[in-house]
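Please treat every number below as a calculation from the coordinates, not as lab data. What you see is a predicted model; the values in this text were computed from it and never measured. Here the Cβ is made from the backbone with ideal geometry for all residues, glycine too, and neighbour counts use every protein chain on show.
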Amino acid sequence: MKHGLIGLALLSLAACESANTPTLAGINAPDPVRSTVAGGSGRNLPDQVVTSGGGVPISASATFPAPSTAAANQFAVNFLNSIQARSIAERREYCGFFVVDAAGNIAATPPLPGTTASCASPAPGGNAFASYHTHGAYDRGYDNEVPSDADLLGDFQFGVDGYVSTPGGRIWHIELDDRTARQVCGRGCVYSDPGFVPEDEAGIRSSYTVDQIRARYR
Ligand SMILES: [Zn+2]
C-alpha cells in the first residue's frame with residue numbers, strides 16, 4: 001500500500017481482510033492438521049489467535065522456523081525483481097506471501113493483483129513467514145519509496161515480516177521482531193520504473209518505525 005500525500009483517500013486496512021486462501025508455489029500445501037492448528041484455512045482475520053482443542057491460544061505464526069534474514073532477503077530481492085516489470089507496466093501493486101518448508105526452502109505464493117495503491121492480502125497460511133508486495137509504478141502524490149504505516153501494521157497484525165519493492169527499485173524488509181522497516185537495498189537495486197521521478201531522496205532514511213513513517217505525512 002502506498003500512502004497518499006496530497007489529500008487522496010487513505011485506503012482502509014479492511015482491504016487486507018479478503019479471505020482468499022493462498023495457493024502455494026513450489027511446495028506442498030499444509031496438511032489438514034497443521035492447517036487447523038496454525039490457521040492455514042485463510043479464514044482467520046488479522047490479530048486473531050487460533051485456539052486449539054484444549055482452549056490454549058496458539059499464535060498463527062510460521063509452522064517451520066523462519067529462514068535466516070540473509071537468505072530471506074536474497075530470495076525477496078530476486079523474486080520481487082522478477083515481478084517489478086509487470087507491476088510497473090500495469091500500474092498496480094502485486095502481493096502475496098513468502099513461505100518456508102520443513103527443509104528450509106523458501107517459495108512465494110502466486111502474486112495477486114491489486115490496485116494503484118493497495119493490494120488485498122488473504123490471511124497468511126501457517127508456513128508463511130513474510131508478506132510481500134510491490135508498489136508498482138511511480139505515482140505523483142504518493143509516498144512511493146517508503147513502506148506505508150499501514151504496510152507495517154498489517155504485517156504486525158498478521159504476525160509476519162514483510163517485503164516491499166518500490167518504483168525506484170528499492171527493497172524494504174519489515175521486521176516483526178523490532179517493528180521496524182529497513183532498506184535491504186537502495187534505489188535501482190531491482191528493476192525500476194523508467195518514469196520514476198526522484199523526490200527528496202536525501203530524506204529517505206535507511207530504517208523507519210511506524211511513528212517515523214507517520215512523520216513523513218505531516
Ligand atoms: Zn506498501
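Gain on full extension, evaluated as 0.36 nm per residue between Thr115 and Glu199 minus their Cα-Cα distance, stands at 28.0 nm. What is the local net charge at Asp161, summed over the other residues whose Cβ is closer than 10 Å to its Cβ (Lys, Arg +1; Asp, Glu -1)? Net charge around Asp161: -3. Put in order of Cβ neighbour count within 10 Å, fewest first, the listed residues Asp139, Asp200, Asp155 become Asp200, Asp139, Asp155. Subtracting the Cα-Cα distance of Tyr217 and Asp177 from 0.36 nm times their residue separation leaves 11.9 nm of extension gain.
Computed over region 140-218, relative contact order equals 28 percent, with contacts defined as Cα pairs under 8 Å that lie 6+ residues apart.
Estimated at 0.36 nm per residue, the fully extended path between Gln157 and Ser206 surpasses their Cα-Cα distance by 15.3 nm.
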